[in-house]
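Visitor: The structure under discussion is supplied below as structure tokens; questions concerning it will follow.
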Amino acid sequence: MSRCPGGPLPNEADVLEALRPVEDPEIHKSIVDLDMVKEVAIDGSAVKVTVALTVPGCPLKAEITKRVTDAVSPLDGVSSVDVDLTVMSDEQREGLAEQLRSEHTTAGADGQPARVNPFTDARTRVLAIASGKGGVGKSSVSANLSVALAQRGHQVAAVDADVWGFSMPRMLGIDRPPVVIDDVILPPEANGVSLISMGFFAREDQPVVWRGPMLHKALEQFLTDVRWDEPDFLVVDMPPGTGDIALSMAQFLPRAEVIIVTTPQPAAQRVAQRAAYMAQKVNLELLGVIENMSWFRGDDGKAYELFGAHGGRLLAEQLEVPLLGQIPLVPELRIGADEGHPIVVTNPDDEASQAFFRIAEQIDVELAPRKIYRPELKII
Ligand SMILES: Nc1ncnc2c1ncn2[C@@H]1O[C@H](COP(=O)(O)OP(=O)(O)O)[C@@H](O)[C@H]1O
Ligand SMILES: [Mg+2]
């Protein structure tokens with residue numbers, strides 16, 4: 001074993017200390033605390049770390065290997081890092097699932113832990129992106145707004161509740177299903193957003209036939225069986241219209257703030273209005289309106305209002321909420337959506353991306369829920 005004579009040699013405690021900040025990419029907790037580091041073997045300057053993955057064929061093998069290598073390589077005296085991946089025993093996995101479950105359970109009537117919907121308390125802001133009809137850009141707004149909020153440093157999760165027309169996995173560039181540990185679902189993540197979609201449980205080329213009660217149950221499961229990890233924002237891509245799912249979502253997410261997406265046409269605006277009234281009827285707060293496909297800017301630099309003008313502003317005035325922004329029609333936005341690269345990531349300087357950033361800022365700053373006034377804290 002060749003090494004620098006007299007140089008320091010790594011020891012197991014140092015290696016474990018270096019591994020402590022390494023998080024499991026899906027569970028977002030230290031792999032040391034999760035007891036995933038099974039062995040640290042040191043032979044002179046060569047370190048071998050054995051890591052037990054949560055499930056066989058874990059899609060994030062390469063990522064974990066990289067994180068471990070990056071953490072251990074800089075240690076004094078380390079010349080090589082070898083990462084050996086094994087799989088947790090059933091017993092260990094059950095223990096982990098138990099630990100994850102306990103984060104969001106409460107004592108049920110029978111004394112057993114009961115699963116709870118984590119979005120009824122005030123920790124997470126829930127943004128429901130709704131529209132009267134399909135094709136107006138709800139999913140595009142949901143995807144880009146989620147990423148824009150994540151880029152502002154927030155932890156962001158998204159639910160694709162458009163059970164018939166799910167498109168969020170593709171738009172966000174998520175190409176793997178969730179990892180399921182026992183019955184705890186860990187949402188996959190891309191571009192800083194964790195997502196759960198019906199698309200993970202159905203094949204894209206097959207119709208999904210859901211009946212009302214089944215759908216209600218499925219949505220409830222989205223919220224309770226998934227380990228959401230207390231995000232700052234939950235962005236919900238609602239199905240178009242005012243049907244059963246919208247009502248179910250309103251019931252499960254009573255604190256949702258609704259954003260209505262519309263195009264500039266007066267006809268679209270009238271349909272969008274219905275979605276807004278329905279939100280008000282079930283006592284959800286209307287946060288604002290986003291007008292999409294507002295104009296197309298030609299090579300001549302001129303903005304062409306292909307779908308008319310003012311629809312968003314008129315709707316916002318009618319509903320007495322702010323017009324949060326206008327998103328132009330840009331081919332890169334559609335291409336990005338089709339290829340899983342949101343435009344806010346690939347072309348941040350684009351007019352459309354800038355509009356998304358301003359909308360995210362407004363939601364985050366101007367429209368942040370007012371701090372509760374607590375007179376007892378006043379210093380006299
Ligand atoms: N501002 C835009 N510029 C260019 N294409 C857009 C824009 N908004 C949406 N699209 C495209 O229009 C189609 C419908 O948008 P989508 O977000 O799926 O609407 P919805 O979810 O309301 O049905 C998609 O192909 C999308 O990429
Ligand atoms: Mg959609």
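Visitor: What residue, among those in the stretch 125-151 that are over 20 Å from P331 (Cβ atoms) and of a type in the set (S, T, N, Q), is farthest from ligand 1 (Cβ to nearest atom)?
Guide: Only one residue tops the list, namely Q151.
Visitor: Could you tell me whether any residue of the stretch 217-230 is out of contact with any Leu (no Cβ under 9 Å at 6 or more places or on another chain), within 14 Å of ligand 2 (Cβ to nearest atom) and assigned by TED's automatic domain parsing to the domain that holds A157?
Guide: Looking for residues that are out of contact with any Leu (no Cβ under 9 Å at 6 or more places or on another chain), within 14 Å of ligand 2 (Cβ to nearest atom) and assigned by TED's automatic domain parsing to the domain that holds A157, one finds none in the stretch 217-230, hence no.
Visitor: Search the stretch 258-276 for residues that are in contact (Cβ under 8 Å) with a residue 40 or more places away in the chain and pair each with any residue that is hydroxyl-bearing (S, T, Y) and assigned to a loop (DSSP other than H, G, I, E, B) when their beta-carbon atoms are under 7 Å apart and the residues are at least 6 apart or on different chains.
Guide: I260/S131; V261/S131; T262/S131; P264/S294; A272/S131; R274/T242; A275/S131; A275/T242
Visitor: Please go through the stretch 159-200 and pick out each residue that is among the hydrophobic types (A, V, I, L, M, F, W, C) and within 12 Å of ligand 2 (Cβ to nearest atom).
Guide: Step one: of the stretch 159-200, the residues among the hydrophobic types (A, V, I, L, M, F, W, C) are 159, 161, 163-164, 166, 168, 171-172, 174, 179-181, 184-186, 190, 193, 195-196, 198, 200.
If the condition is that a residue be among the hydrophobic types (A, V, I, L, M, F, W, C) and within 12 Å of ligand 2 (Cβ to nearest atom), then A161, V163, W164, F166, M168, M171, M198 are the ones that fit.
Visitor: Inspect the stretch 274-296 for any residue being away from ligand 1 (no atom under 11 Å from the Cβ), at pLDDT 95 or above and β-branched (V, I, T) and give the result as yes or no.
Guide: Checked against the condition, which is being away from ligand 1 (no atom under 11 Å from the Cβ), at pLDDT 95 or above and β-branched (V, I, T), the stretch 274-296 yields at least one hit.
Visitor: Another question, then. Is it fair to say M238 is buried (at least 22 other Cβ atoms within 10 Å of the Cβ) and modelled with pLDDT of 85 or more? I'd like the intermediate steps shown before the answer.
Guide: Working: buried (at least 22 other Cβ atoms within 10 Å of the Cβ): yes; modelled with pLDDT of 85 or more: yes.
Against the criterion (buried (at least 22 other Cβ atoms within 10 Å of the Cβ) and modelled with pLDDT of 85 or more), M238 qualifies.
Visitor: When you go through (1) under 23 Å from the mean Cα position of the chain (by Cα); (2) assigned to a loop (DSSP other than H, G, I, E, B); (3) within 11 Å of ligand 1 (Cβ to nearest atom) one by one for H341, which number turns out not to apply?
Guide: The number of the failed condition is (3).
Visitor: Out of A62, A97, I need the residue that is at negative phi, modelled with pLDDT under 95, under 26 Å from the mean Cα position of the chain (by Cα) and surrounded by 17 or more Cβ atoms within 10 Å (Cβ to Cβ). Which one?
Guide: Numbers: A62 fails: surrounded by 17 or more Cβ atoms within 10 Å (Cβ to Cβ).
Sole residue among the options that is at negative phi, modelled with pLDDT under 95, under 26 Å from the mean Cα position of the chain (by Cα) and surrounded by 17 or more Cβ atoms within 10 Å (Cβ to Cβ): A97.
Visitor: Among the residues of the stretch 37-59 satisfying the criterion of being among the hydrophobic types (A, V, I, L, M, F, W, C) and closer than 25 Å to D175 by Cα, which is surrounded by the most Cβ atoms within 10 Å (Cβ to Cβ)? I'd like the intermediate steps shown before the answer.
Guide: Initial filter on the stretch 37-59 (among the hydrophobic types (A, V, I, L, M, F, W, C)): 37, 40-42, 46-47, 49, 51-53, 55, 58.
Then drop every residue that is not closer than 25 Å to D175 by Cα, which leaves 51-53, 55, 58.
Values: V51: 23, A52: 19, L53: 20, V55: 14, C58: 18.
Looking at the filtered set, the residue picked out is V51.
Visitor: A further question on this structure: If you check every pair at least six apart or on different chains, which have Cβ atoms under 8 Å apart with a residue in the stretch 131-143 that is within 8 Å of ligand 2 (Cβ to nearest atom) first and a residue that is part of a loop (DSSP other than H, G, I, E, B) and acidic (D, E) second?
Guide: K138/D162; S139/D162
Visitor: Also, quick follow-up: With over 30 Å from D121 (Cβ atoms), touching a residue at least 12 places away in the same chain (Cβ under 8 Å) and either away from ligand 2 (no atom under 16 Å from the Cβ) or not in a helix (DSSP H, G or I) (or both) as the only criterion, which of G288, G308, G301 stands out?
Guide: Numbers: G288 fails: over 30 Å from D121 (Cβ atoms); G301 fails: touching a residue at least 12 places away in the same chain (Cβ under 8 Å).
One residue alone meets the criteria, G308.
Visitor: Taking the criterion of being at pLDDT below 85 and within 16 Å of ligand 2 (Cβ to nearest atom), would at least one residue in the stretch 252-269 satisfy it?
Guide: Let us first name the residues in the stretch 252-269 that are at pLDDT below 85, namely 266-269.
Filter once more, keeping what is within 16 Å of ligand 2 (Cβ to nearest atom): 268.
Yes - at least one qualifying residue is present in the stretch 252-269.
Visitor: OK, next. I need the full set of residues from the stretch 65-94 which are in contact (Cβ under 8 Å) with a residue 60 or more places away in the chain, exposed (fewer than 14 other Cβ atoms within 10 Å of the Cβ) and not in a loop (DSSP other than H, G, I, E, B), in order please.
Guide: Within the stretch 65-94, just E94 meets the criteria.
The values are calculated or read from the model by the stated rules, or taken from the named source; none is laboratory data. Keep in mind that what you see is a predicted model, and the values were worked out from it rather than measured. Please note: Cβ atoms are built from the backbone with ideal geometry, for glycine as well, and neighbour counts cover all protein chains shown.
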